[in-house]
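See below for the structure under consideration.
Taken together, the values in this text are just the output of simple stated rules run on the coordinates, not laboratory data. Source: prediction; values computed, not measured. Here the Cβ is made from the backbone with ideal geometry for all residues, glycine too, and neighbour counts use every protein chain on show.
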Amino acid sequence: MNQTDVMSAERRDLIIDFGGVITYSLFERCRDVEQLYRLPDGSLDWTGPFNPPSDELWQQYLSGQISERDYWYIRCGELGHLLQEEITIRRLVTDLRNFKPSVRPEAETLIRQAHAQGHRVGLLTNELELFHGPEVYDAFEILGSFDAIVDATHTGILKPEPQAYQLAVESLDASFQSVVFVDDQQKNIDGAIDCGIEAIRLDITDPESGFDDVRRALNPHLIRIGYYSGATWIKFIKGCLQQTEHESVGG
């Protein structure tokens, strides 16, 4: 039996974020930014979720003092000051896109597998065209893989507002109960959960595990060697061994 033969009785659909999920986050590409603009190593301290205590600006975002957009607008201003030229968020992401590939291979694989199994896939993003410009659809071939795209650049409704999730669900002709939502920001995950959506936070410090969690949510019945990552299988096997040892001791 191949993967396409194993389907849920009730199809589940996938709604996924763009920046940080489909593409690498700017935190992961901090060293690339330094190389791109020929800055000395360690010039930028954008640690964000990789080391929250050391990133005071990220702490302000986490506490709700500033928005995620504000965070990156401020960081771009600091970068521009270092370079003595204007650096906008759009210029930064465009320069990075032209410098090194931006799309996570794991995201491409996930979307391809989801379609092969009959799941519809939608994109729900707060800043797709705002950050990347209208040319984003030509720059990222992966955007042609989505059944629907909801971008707050045009709707004006940002996650975690409930209506943002409603628009995404309606774009797939789905329901809150029939979709899985993926985002890298906890507040957006919380907003989805409040709507009754099963939501999975992609931890950018361990994205592989996050993508495996999404596969399990879309196909809870499907456990196949080769379908999940090696790291996930190691965790699974260790868990089984620990359970066996526990039962042996208790029995």
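Observations on the structure shown:
- 3J(HN,Hα) from dihedral phi, segment 70-78, Karplus parametrisation 6.51/-1.76/1.60, rounded to Hz, x for glycine, proline: 4, 4, 6, 4, 5, 4, 5, x, 5
- Calculated FRET value between residue 151 and residue 56, using beta carbons and R₀ = 25 Å, to 0.05: 0.25
- Amide H partners (placed H, <5 Å) of residue 16, local residues excluded: 122, 123, 124, 182
- FRET efficiency estimate (nearest 0.05) - Cβ-Cβ, residue 11 to residue 166, R0 25 angstrom: 0.80
- Evaluated at q = 0.12, 0.14, 0.18, 0.26 Å⁻¹: base-10 log I(q)/I(0), Debye formula over Cα of segment 30-99: -0.32, -0.43, -0.71, -1.28
- Cα-centre dipole for segment 30-99 with unit charges at Cβ (Lys and Arg positive, Asp and Glu negative), debye to 20: 240 debye
- If R0 equals 22 Å, the separation of the Cβ atoms of residue 108 and residue 139 corresponds to a calculated FRET efficiency of about 0.90.
- Spin-label pair residue 97/residue 187, simplified geometry with 7 Å Cα→Cβ offset, distance in nm: 2.5 nm
- The label-point distance for residue 36 and residue 115, in a model that sets each label 7 Å from Cα toward Cβ, rounds to 2.7 nm.
- Among the GluC sites (Glu not before Pro) in segment 106-205, those located in a DSSP loop and surrounded by at most 16 other Cβ atoms within 10 Å of their own Cβ are 135.
- For residue 205, net neighbour charge (Lys/Arg +1, Asp/Glu -1) across residues whose Cβ lies under 13 Å away: -4
- Rounded to whole Å, sorted largest first: equivalent-ellipsoid semi-axes of segment 55-171, Cα gyration tensor: 28, 19, 13
- For residue 198, the residues 5 or more places off, or on other chains, whose built amide H falls under 5 Å of its own are 179, 181.
- Backbone HN-Hα couplings from phi across segment 24-34 [Karplus 6.51/-1.76/1.60, Hz, Gly and Pro as x]: 4, 6, 5, 5, 5, 9, 4, 5, 5, 4, 4
- Hz values of 3J(HN,Hα) by residue in segment 154-171 - Karplus curve (6.51, -1.76, 1.60), Gly and Pro given as x: 9, 7, x, 10, 8, 4, x, 5, x, 5, 4, 5, 4, 4, 5, 5, 5, 5
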